[in-house]
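Structure record follows, encoded as structure tokens.
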Amino acid sequence: MAGDPRRSVALAITGASGAIYAMRTLAALLTRAMAVELVVSDYGRRLLRDELGEAAAVDRLMPYLAETYGPGVGAGSITLHSNRDLGATIASGSHHCGGMVIVPCSMKTLAGVAHGLSRSLAERAADVMLKERRPLVIVPRETPMSLPQLRNMVLCAEAGATILPAMPAFYQQPKTLDDLADFMAGKILGALGLEHDLYPPWIGRVGS
Ligand SMILES: Cc1cc2nc3c(=O)[nH]c(=O)nc-3n(C[C@H](O)[C@H](O)[C@H](O)COP(=O)(O)O)c2cc1C
């Protein structure tokens with residue numbers, strides 16, 4: 001169903017640590033044949049290269065994802081938008097984008113969403129999700145957090161966003177970084193209302 005607006009989701013990558021979470025989430029959405037409206041901030045672009053290497057640069061994402069997560073990512077599609085283009089489709093509520101995730105979400109972009117600033121496409125698209133009452137998942141990453149940062153999360157939650165901090169669990173006994181990323185991506189897909197099998201459900205005790 002790639003290209004079908006009913007199956008489209010926006011994904012914004014901003015300049016907070018955790019590029020692997022963004023890549024795992026993007027790959028999971030593409031494998032489910034979703035049409036992904038992708039926005040990457042300037043610091044998000046730097047993040048991809050700093051944490052994952054030049055192979056993960058924005059203009060090489062599809063080959064990187066296929067190499068890392070398998071050819072199944074080809075079931076979906078990516079439309080890359082400039083973060084400066086406030087006239088992009090996802091800047092309007094009339095565009096039928098079904099939901100949005102900001103992963104990872106910097107404290108700067110969090111503040112912009114909390115206060116409805118719409119300074120960038122990522123912030124504007126998030127604002128559209130809130131006003132249209134569509135799912136908005138925010139994956140903040142910072143530690144420790146200041147009182148303004150905590151308050152900004154509350155503001156977003158009060159406006160209807162799901163605050164889903166980059167806090168992977170360990171009760172699934174992860175062995176690799178990919179296991180941790182799978183857990184976070186699964187949580188994000190679940191919050192967007194999408195089924196997944198990225199981590200096994202809790203069965204009441206640790207282990208299989
Ligand atoms: C190496 C590096 C790591 C950073 N990590 C974080 C982080 O984990 N969380 C955060 O909120 N900001 C972090 N920042 C700062 C943001 O990238 C910075 O505030 C930037 O202006 C965010 O802009 P954006 O939201 O448009 O991407 C980091 C910056 C650099 C260079």
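The values are calculated or read from the model by the stated rules, or taken from the named source; none is laboratory data. Only a predicted model underlies this, so the values are computations on that prediction, with no experimental measurement involved. Because the Cβ atoms are built from the backbone with ideal geometry, glycine has one as well, and the counts that use them run over all protein chains shown. Surface areas here come from the heavy atoms of the whole protein model, side chains and all, with no ligands, DNA or RNA. Shrake-Rupley method; radii C 1.70, N 1.55, O 1.52, S 1.80 Å.
List of remarks:
- Test result for Arg45, modelled with pLDDT of 95 or more, within 14 Å of the ligand (Cβ to nearest atom) and basic (Lys, Arg): yes
- Count of residues meeting criterion [open to solvent by 50 Å² or more (accessible area, probe 1.4 Å), at pLDDT 95 or above and of a type in the set (A, V, I, L, M)] in the range 164-208: 2
- Checking each residue in the range 65-83 for being within 17 Å of the chain's Cα centre (by Cα) and in a helix (DSSP H, G or I) picks out Leu65, Tyr69, Val73.
- The set of residues from the range 138-163 being away from the ligand (no atom under 12 Å from the Cβ) and either open to solvent by less than 20 Å² (accessible area, probe 1.4 Å) or modelled with pLDDT under 95 (or both) comprises Cys156, Ala161.
Residue-by-condition table, conditions (1) away from the ligand (no atom under 16 Å from the Cβ); (2) under 13 Å from Thr14 (Cα atoms); (3) free of Cβ contacts under 8 Å to residues at least 24 places away in the same chain:
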site: Val73; (1), (2), (3): yes, no, no
site: Thr79; (1), (2), (3): yes, no, no
site: Thr109; (1), (2), (3): no, yes, no
site: Arg119; (1), (2), (3): no, no, yes
site: Arg124; (1), (2), (3): no, no, no
